[in-house]
Structures are given as structure tokens and as C-alpha cells.
1. With springs only between Cα atoms under 10 Å, which of Ala53, Ala142, Ala292 fluctuates most in a Gaussian network model of the chain?
2. Note down the magnitude of the dipole of the chain about its Cα centre, charges +1 on Lys and Arg C-beta and -1 on Asp and Glu C-beta and zero elsewhere, to the nearest 20 debye.
3. Given R₀ = 35 Å, FRET efficiency for Glu346-Arg265 by Cβ-Cβ distance, to 0.05?
4. Going by Cα centres, segment 246-286 and segment 140-202 are how many Å apart?
5. Where Lys and Arg each count +1 and Asp and Glu each count -1, what net charge lies around Cys50 among other residues with Cβ under 14 Å from its Cβ?
6. Give the long-range amide H neighbours of Ser223: residues separated by 5 or more places, or on another chain, with amide H under 5 Å away, using H modelled in the peptide plane at 1.01 Å from N.
7. For Arg281, what residues show an amide H to amide H distance below 5 Å, using hydrogens built from the backbone and excluding near sequence neighbours?
8. For Val91, which sequence-distant residues (separation of 5 or more, or a different chain) have an amide H within less than 5 Å of its own amide H, given hydrogens modelled in the peptide plane?
Amino acid sequence: MTRFAHHGPGLAGALAGLGLLWACGGGGDVMTTPTDSPTPVDPPARPVPCTFANATCAERVEIASGLFLPVFSTHLMSEGHPGVTRALVVVHGNNRNADTYFESGFMAAAEAGFGPTTVVVAPHYQTDDDGPESDEPFWSSAGWKRGHLSRPEGPSPRVSSYAALETVVEQLLDANRFPAVQEVIVTGHSAGGQVLHRFAASSRVEDGAREGVSFRYVVANPSTYLYLGPHRLDANGEFTVPGGACEDYDEWHYGLLDRNTYAERLEADTIRALLTRRDVRILVGDADTLSASLDVSCGANLQGPNRYRRGLTLVRFMEALYEGHAHKQMVVPGVGHSNRSMWLSEVGKNALFGS
């Protein structure tokens, strides 16, 4: 992933700024001082919207006192924009390539005809391997997907990855920054889809939105889902409680038992009520049937043999046991495990921006 750096002038710029030039003369190295100082060059202005998947469009969002989360954004979160009417938050997958996901997000908005009026934000959940700054929390490879607290060897206070996502959304809802926002779409693909399904169930950020702002959660090709009860699809096509083959199959993040610090704030019945009523789009590619990076633990395998079947089965589960749920199944024909192909498909754009 493109890591945005804290840019400095570099060695040449530093020497020029000091007015020092080194020249090679006949007897040896001679230092000369120029009579005129070089004219300083201003850094290029950040365009609005900013659509470069590199440091040009990078900033950091304060997620706790003195702690920051790197993001890519089309419009500066710190300043906002009065003309933006829609917010699209895009959560990366297991490779933590937020730059690539940012690009997919603004491409989808542009192709749907909403580019100029959509702020696209792609947070970067770092692990220790990413070289985080001293004031940037980082998570374990599994932890950021499940809403766990940041690693204890990082900065304090420790922050849930889901709480960090809440803060990003809260800033997009800030009427002083984005007063015209009327719709918030939060989406993730693969591991990002895992984040999104659990986030939709356990976050209260939607409940705090100002009147008239709608929310949508687009969950694309995750390895697993959050089940609201102990039933799983059996060999006879019925939802029953499995035997004791795997005792932890219904624990967080597969189910509601043994929830982590973030999810434990809410009662299980509250989580069930939240996920049942929220606008959740289960977006799956019918060619996403391979096992690369697929969770094949016992608890995961009870959800189905592959990502495509697991998505269909989750919606069947909601239909069978949670009458009136707002999950919507959306299948992208001929597409496998590709965030860009999913979101840029007609079905994908409809999931993100359609009714």
C-alpha cells in the first residue's frame, strides 16, 4: 500500500535552504555561498475532489486524544465541503491496501454519476508490519477485522477498530464540515466486508445521525458473517442448532457469545434488533467460490463451503428466523473475489447508490 509520509525538503532542499552549494574546484572541494537565495517552491495544491491513490490525497483523522488513523479522502475531513451530499466509506481487505480501495471507491462514484458530490474515505487499519507512526494505533491481523482494541504495545489509549470507524463516520456527519450530506454508505470487501457486517450490528453511530440522513451497509464477499443466533444450515436444508463438533462456532465474531470489549457494550438482544432493522446489502459474486484466504475454521465452515454460498445462506438465515429483516441479497454474475469488479458492476453500483 502507498504509505503517505511526512514529507520534508530532502537533502538537496535542506542544503539549498541553508544557502550551501558544493563545487568541485582544481585543488579540492570548495564551498561557495550564492548571492541570491533560491526561490521557495510551494507544494502542489490538493485538488478537490482529490482522486490520486497516493500521498496527495492522504490525511489523518484524530480518533482519540492525540491518536490518529491514516485515511485517503477525496475531500479533506479536517475542512469538509458544503457541496458534498453523499459519503462513501470504503474498508480495505486483508492486504490493508487502502489506496487501491480508495481508487475503487471514487471510480464507482464517478461511474454512477455521483463523483463531484460524493466524499470518498478509505481508512487504513495498520498492523505493526506497516510501520505506524508513534501516535497511530495498530492492530493484530485478526483484531482489526473483529473490532478488537489496538495492540497494547502501541500508543494509549487502546482503541477498537470499530470505534475508529465510528469516528470517521461521525466527522462525515458533522454539519459544520459536511452540512449537505444526506446519505452515508459504508462498504467493505473481503475482510472489509467482515468488518462491515459486525459494524452494522454493533455500532450506534447511525442512531446519532441528524434527521434526514440515511445509512446503508454494503457487505461484499466476506469470508464469514455475524449470526444472531445459534442455528446453522444443516445437511437437510434446515436451520438447526449443531451438535458439539465445534464448541466456539457461536462466539464472536461468528456469533454473539463471548463478545469483545466493543460489542459487549450492547446486550445481545440490542445487537439483534440493530442488525435486523438496518439497510444491509449482501453483495456476492457468483464466481467467488475459491478457497484462497478463506476462513476454513470449524465455525466458518458451518456457514457454508465458500464465500458465495455463505452469503446466500446468511440471507436465508435472516429470512427464516428474523421476520421483517432489512438484509438484501445482491448477486454479481461472473465476478469472483475482486473489489473493483464487484463495485464497478451494474449490480455493485446499484447496491452502493441505487434504491
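We did not get these values from a lab; they are worked out from the coordinates using the rules stated. Note that the coordinates shown come from a computational prediction; the quantities given were computed from them, not determined experimentally. Backbone-built Cβ (ideal geometry, glycine too); neighbour counts: all protein chains shown.
1. Comparing Ala53, Ala142, Ala292 in the GNM, the peak value goes to Ala292.
2. On the way: 28 positive and 40 negative charges, 143 e Å.
Magnitude of the dipole: close to 680 debye.
3. Details: r = 39 Å, r/R0 = 1.10.
Between Glu346 and Arg265 the formula returns 0.35.
4. A separation of 15 Å, based on Cα centres.
5. Working: positive: Arg46; negative: Glu59, Glu79, Asp99, Glu103.
Here the charged neighbours net out to -3.
6. Long-range HN contacts for Ser223: Gln194.
7. Here the answer is Tyr217, Val218, Val219, Lys328, since their amide H atoms fall under 5 Å of that of Arg281.
8. Thr187, Gly188, His189
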